[in-house]
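Here the structure is laid out as structure tokens; the discussion comes afterwards.
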Amino acid sequence: MKKQTVIPIADARDDTAEDGIDRRSFLKLMAASAALASAGCKGPPQEQIVPYVRMPEMMVPGKPVYYASAFVHRGFAQGVLIESNTGRPTKIEGNPLHPASLGATDVFAQASILQLWDPDRSQAVYRGQALSTWETFETALQAQRETWSKDGGAGLRILTGTITSPTLADQLAALLQRYPNARWHCHDPLHDDAAIAAAHLAFGKPAETVLHLDKAAVVIAIDADLFGALPGSVRYAHDFAQRRRSGGDGVAGNRLYAVEIRPTLCGARADSRLALPPAEIERLIWRVAARIGTPGVPASLTGAAHADSSRWEAALARALIAHRGESLIVAGGSMSPATRALVHAMNATLGNVGKTITIIAPVEATPIDHVESITNLAAEMAAGKVKSLVMLDVNPVYDAPADLGFAKALGGVPFSVHLGLYRDETGRHAAWHLPLSHAYEHWSDARAYDGTASIVQPAIAPLYGGRSAHELVALLVNDDTRGGHALVRRTWARHAAGPDFETFWTDALRQGVIADSVSAALAIGSMHTPSPPSPTHVAAAPLAAVFVPDPATGAGEFANNAWLQELPRPFTKLTWDNVALIGAATARSRGLATGDLVRLNLDAMSDHALDIPVWVLPQHAEGVISLPLGYGRTAAGRVGNGVGADTYALRTVAAARGRAALQLHKTGKQHVLATTQQHTTMEGRDIVRLATLAQYRENPHFATDAPKKRVPKDSLYPEWEYKDYKWGMAIDLNACIGCNACTIACQAENNIPTVGKEEVLRGREMHWIRVDRYEVQHRGAGRAARSVFQPVPCMHCETAPCEEVCPVGATVHDSEGLNVQVYNRCVGTRFCSNNCPYKVRRFNFLQYSNNEVESFKAVQNPEVTVRRRGVMEKCTYCLQRITRARIEAEKLGRTLQDGEVVTACQAVCSTEAIVFGDLNNPNSKVNRAKASPLDYALLAELNTRPRTTYAAMVTNPDPALE
Amino acid sequence: MAPAYAAQEPVSQPIRFSHKHHVGDDGLDCRYCHTSVEKSSFAGMPSTQICLTCHSQLFRDSPELAPLHASMRTDTPIRWNRVYDLPDFVYFDHSIHVNKGVACMECHGRVDQMPLMLRKEALDMQWCLGCHRIAPQHVRPLAQVFRMQDQRPLSDQELGQLNRLYHLQDTRRLTDCSTCHR
């Protein structure tokens, strides 16, 4: 990437004023009234235009450029397009050509753009606690290299997370060749070690599983969050929704069973769901395996103790046998390697392998057990055998198992180097900290869940002089090639077939996907059925701990991201905290209520204690406590420090293996939790409408036919007339998985500020599209309540209550049906918000947008006004995207075609639950969606005539489990 | 709140660039320097390289052009003072205007007669609406959009033909808040 000279934004206010004091400090020193008096009478500042010295070829200033790259999370790639406005990356879109994206992304990819611009990122080299430079480090490294060359790197250890990058794998292999006594260790706190062990048990070699949910009529998820936690989750959600639409009257083309510990996105979406503690789940699945005739599984195993377990065993076995080759079982999370190996054997028995499941060679470069790897490393460090430790983008001081004493051992390593995006807990303990360039600032490569490789290309030069892992490893081995670009090209010149490397390289960059790089199916040969886990596998602990990834911070790597911290967690709608999740009966028996602060001790190690608030979730298994990781950071940055409780304190090696028994003591204290939705009942109203497939077949119009659901025919207001376009949106509740990607995509697209915990407590969060969760029961069926999600943006009502009460005409109807908010007219009466029955309007009570920090200005979308204090705002249907598409069409002298306007929430949605388009076009997708008998309007009885409508939900539960 | 420079008042610039000389005397087309005016919301300001296509030869040693050469030598952009500055909540798009036959002159005036660039209009909303309310009367054939000379008024018949050609949006649409504010 060429050197970029400047970010062409300038502001005369930056100029230094007289008397040696700059204007900004001056204003801060002055009293508010004086500041108003001095600044208020002046006009707007004289702006400057800063053109290029040499403009890049094909550049059109004012139009965004998109770079195909990849967002790499926990080692795995999700193809993205980085939108860049005059050199500033401002938004991430999914890459439609990438198999893990198909145009959609998850919440982390959306929020990664804020991480790029985070002013708390590491900006300098540190030697211990003192500032240093890359040059000084290189000099120090020179001496180390001489030692390594002499002793073959006997005291050298490399520590990385999960690596799929072919370039980094090649580089580290070369390093181990050059220094044969060096070792490469891996540590990723969320690495799925059990999957690796299971593959060894089942196939005798490492392997990974790729699911084809579009081909499965029956899906059984055994504590596996298919839609939330896997490298392929975005694609899996897409395939699941596609299959769902393809049969069963267009709404129920498959059936999903979930047996899980805590509520997950997959469990919420499931047609039949059962919550059990991990040991009980294992018992259940072994009995099912026996029933379907998995070779080597004795029929005499004890079943689960749960009252429903025999019904479930029978139902699951029946469903699997009826759909051989068309079913799919997947186990994850807390399941033991033996049980996960059993699931491989069950899929093979059912003939699913090669149809709904492909077994491939591991995508990660070193398919090893990470807990074992870090344990061995810590032991060597404690024994003084490690002289040099290079840590590439990992934070073991924070997230290594608690009983390893990693921080203390690190102090005994003379030459410890930490390369990281932040000077985090590890960066502060290491002898050297080096700033890592962000993935959107450097060259790299990575592979997706199915093996597909992508080149990671930069969209901006490093903001803070960071370097990539490739560039550091090149220094370690004194490689002749030093630049990231050359290193990545060298790898692919080696791997790429065909004589014309330049064409290959250009295509790979343009498409964001390397052609034909998907992993081939692995020949698995004969399968071994493992021996069943002993009934005492998990002792009957009064309270077992399960450590789970957090839907907002991951395992802590996104703790300093305010968008994610303020993103309501799917089931609790909690922001800015983590909580210990427990079931209702467990809570009752211990006299706990949501918000109670408890002290948790490990049975085995009473000195490991943690104070954390509990949250009672009725859909949670009893006797188990789920502890989200990623909080209680001490060196995350100004946003993430001190938020929540550090559950790693209890995560010992044994706990990371799934064996942790806890003691729980009430502290008698309360913790204030900031949530965005206070209760989950619909108070007898039909906010989310749902029926089972049988009920739907009986009455396809169930969503709208009862008298109280009917839309009044007449209105006092005159009808509007729409000559050209008439915009509308349809949201399919059958497709929505509640993942929140729409909320955060909207935040990135529309410059929506975060407000902080205090303001969320006052109900002042600013999200333009929220995802509500309700606990509902089917009419006359089933005992278990299920979670349903409902995204709620502005409804753009035809007879909008907000428009009638604005005294200054700041919210008005436009000629295409949009209910527009005119910021420059708004005087902040908040009448509109009070009159909105959907509560989608958001008011800037304070100056929430950060106009002080330069890098936060840079992340803003230049096509959307940044709102000031005292102004109301809300969903605009992405007016800027409509305008952009309309102008391009108008210039060509034609009208807009269906599908040309894509809103940010629609673009990011993996299941295509959101459809937007022209209601005046009879063939538009949105009109087809609204023609469904399932289509209904929220609170239609108020006669607001919303343009955003919903497709009622149809579930397909197993009749035997109702 | 008055802007830094009033309308009709020349704005000081790092180089005393004369539109009168370049447009009026030399007859350069607007698009030679403002390259993106037909494609983008932003008309585009010439890069140092564009200036140097001529000035690497012409008036090379003029002290007036020293900042230009310094820019290329030091790889530092020239910082021009903005003449036409709309409030940040207004989204104006050059490309749609010139593609629908609104001549540069409509807003920028006879720049071919301006030795130093100045803002011809006050740029208040009333002024924008003055045209948006009767847009069909403010269009020109595409061939005349970048012309500077005063042109004869078009007949009703000619305007009617142009409007059919351009498919102008109706007055309601063109005066909607959402047309310019978002």
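The values are calculated or read from the model by the stated rules, or taken from the named source; none is laboratory data. This one's a predicted model, so the numbers in the text were calculated from it and none came from an experiment. Here Cβ is always computed from backbone atoms with ideal geometry, including for glycine, and neighbour counts include all displayed protein chains.
Numbers at a glance
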| quantity | calculated |
| --- | --- |
| Filter result for the condition that a residue is crowded, with 23+ Cβ neighbours inside 10 Å and either closer than 23 Å to residue A:786 by Cβ or in contact with a Gly (Cβ under 7 Å, 6 or more places away or on another chain) (or both), over A:311, A:273 | A:273 |
| Checking residue A:299 against (1) among the small types (Gly, Ala, Ser); (2) in contact (Cβ under 8 Å) with a residue 24 or more places away in the chain; (3) over 30 Å from residue A:928 (Cβ atoms), the condition it does not meet | (2) |
| Filter pass, residue B:121 being without any contact (Cβ under 8 Å) to a residue 60 or more places away in the chain, more than 10 Å from chain A (Cβ to nearest Cβ) and of a type in the set (Asp, Glu) | no |
| Selection status of residue A:687, touching a strand residue (DSSP E or B) at 6+ places or on another chain (Cβ under 7 Å) and in a strand (DSSP E or B) | no |
| Residue within region A:838-849 that is assigned by TED's automatic domain parsing to the domain that holds residue A:916, more than 28 Å from the chain's Cα centre (by Cα), farther than 14 Å from residue A:766 by Cβ and of a type outside the set (Val, Ile, Thr) present | no |
| Out of A:192, A:188, A:170, sole residue that is over 25 Å from residue A:471 (Cβ atoms) and of a type outside the set (Lys, Arg) | A:192 |
| Conditions (1) outside any loop (DSSP other than H, G, I, E, B); (2) buried (at least 20 other Cβ atoms within 10 Å of the Cβ): number failed by residue B:21 | (2) |
| Pick from region A:937-962, criterion among the aliphatic types (A, V, I, L, M) and in a loop (DSSP other than H, G, I, E, B), ranking: nearest to residue A:732 (Cα to Cα) | A:952 |
| Set A:241, A:224, A:315: member being at negative phi and either in contact with a helix residue (DSSP H, G or I) (Cβ under 6 Å, 6 or more places away or on another chain) or assigned to a strand (DSSP E or B) (or both) | A:315 |
| Region A:801-843, residues that are within 14 Å of chain B (Cβ to nearest Cβ) and of a type in the set (A, V, I, L, M) | A:808, A:810, A:812, A:818, A:820, A:822 |
| Subset of region A:127-146 (residues that are in contact with a Ser or Thr (Cβ under 8 Å, 6 or more places away or on another chain) and either surrounded by 18 or more Cβ atoms within 10 Å (Cβ to Cβ) or assigned to a helix (DSSP H, G or I) (or both)) | A:144 |
| Any hit, region A:175-189, residues being of a type in the set (A, V, I, L, M, F, W, C), closer than 25 Å to residue A:488 by Cβ and part of a helix (DSSP H, G or I) | yes |
| Residue in region A:149-158 that is assigned to a strand (DSSP E or B), outside the structural domain of residue A:435 (by TED's automatic domain parsing), crowded, with 18+ Cβ neighbours inside 10 Å and among the aliphatic types (A, V, I, L, M) present | no |
| Filtered residue count, region A:445-477, keeping only those that are touching a His at 6+ places or on another chain (Cβ under 8 Å) and either under 30 Å from residue A:235 (Cβ atoms) or part of a helix (DSSP H, G or I) (or both) | 8 |
| Among (1) free of Cβ contacts under 8 Å to residues at least 60 places away in the same chain; (2) surrounded by fewer than 22 Cβ atoms within 10 Å (Cβ to Cβ); (3) touching a strand residue (DSSP E or B) at 6+ places or on another chain (Cβ under 7 Å), the one test that residue A:615 misses | (2) |
| Condition met for residue A:895 (free of Cβ contacts under 8 Å to residues at least 40 places away in the same chain and either in a strand (DSSP E or B) or polar (S, T, N, Q) (or both)) | no |
| Meets criteria (more than 12 Å from every other protein chain (Cβ to nearest Cβ) and at pLDDT 95 or above) for residue A:29 | no |
| Search result, residues across region A:214-251 that are farther than 30 Å from residue A:583 by Cα and of a type in the set (A, V, I, L, M) | A:216, A:217, A:251 |
| Residue match in region B:22-30 (condition: away from chain A (no Cβ under 14 Å) and among the β-branched types (Val, Ile, Thr)) | yes |
| Single match in A:897, A:906 (criterion: at negative phi and buried (at least 20 other Cβ atoms within 10 Å of the Cβ)) | A:906 |
| Where residue A:683 falls short, out of the listed (1) outside the structural domain of residue A:804 (by TED's automatic domain parsing); (2) closer than 30 Å to residue A:254 by Cα | (2) |
| Count of residues meeting criterion [hydrophobic (A, V, I, L, M, F, W, C) and more than 8 Å from every other protein chain (Cβ to nearest Cβ)] in region B:31-45 | 3 |
| Residue check for residue B:10: at pLDDT below 95, within 19 Å of the chain's Cα centre (by Cα) and within 8 Å of chain A (Cβ to nearest Cβ) | no |
| Cβ pairs under 7 Å, 6+ apart, first in region A:934-962 and within 21 Å of residue A:876 (Cα to Cα), second assigned to a loop (DSSP other than H, G, I, E, B) and acidic (Asp, Glu) | A:945/A:798; A:947/A:798 |
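Quick grid of which residues meet (1) within 14 Å of chain A (Cβ to nearest Cβ); (2) buried (at least 16 other Cβ atoms within 10 Å of the Cβ):
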position: B:139; (1), (2): yes, yes
position: B:143; (1), (2): no, no
position: B:152; (1), (2): no, no
position: B:156; (1), (2): no, no
position: B:160; (1), (2): no, no
position: B:163; (1), (2): yes, yes
position: B:167; (1), (2): yes, no
position: B:173; (1), (2): yes, yes
position: B:178; (1), (2): yes, yes
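Residues checked against (1) modelled with pLDDT of 90 or more; (2) part of a loop (DSSP other than H, G, I, E, B):
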{"position": "A:534", "(1), (2)": "no, yes"}
{"position": "A:537", "(1), (2)": "no, yes"}
{"position": "A:541", "(1), (2)": "no, yes"}
{"position": "A:546", "(1), (2)": "yes, no"}
{"position": "A:567", "(1), (2)": "yes, yes"}
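Residue-by-condition table, conditions (1) among the aliphatic types (A, V, I, L, M); (2) more than 19 Å from residue A:517 (Cβ to Cβ); (3) within 14 Å of another protein chain (Cβ to nearest Cβ):
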{"site": "A:63", "(1), (2), (3)": "no, yes, yes"}
{"site": "A:80", "(1), (2), (3)": "yes, no, no"}
{"site": "A:84", "(1), (2), (3)": "no, yes, no"}
{"site": "A:99", "(1), (2), (3)": "no, no, no"}
{"site": "A:113", "(1), (2), (3)": "yes, yes, no"}
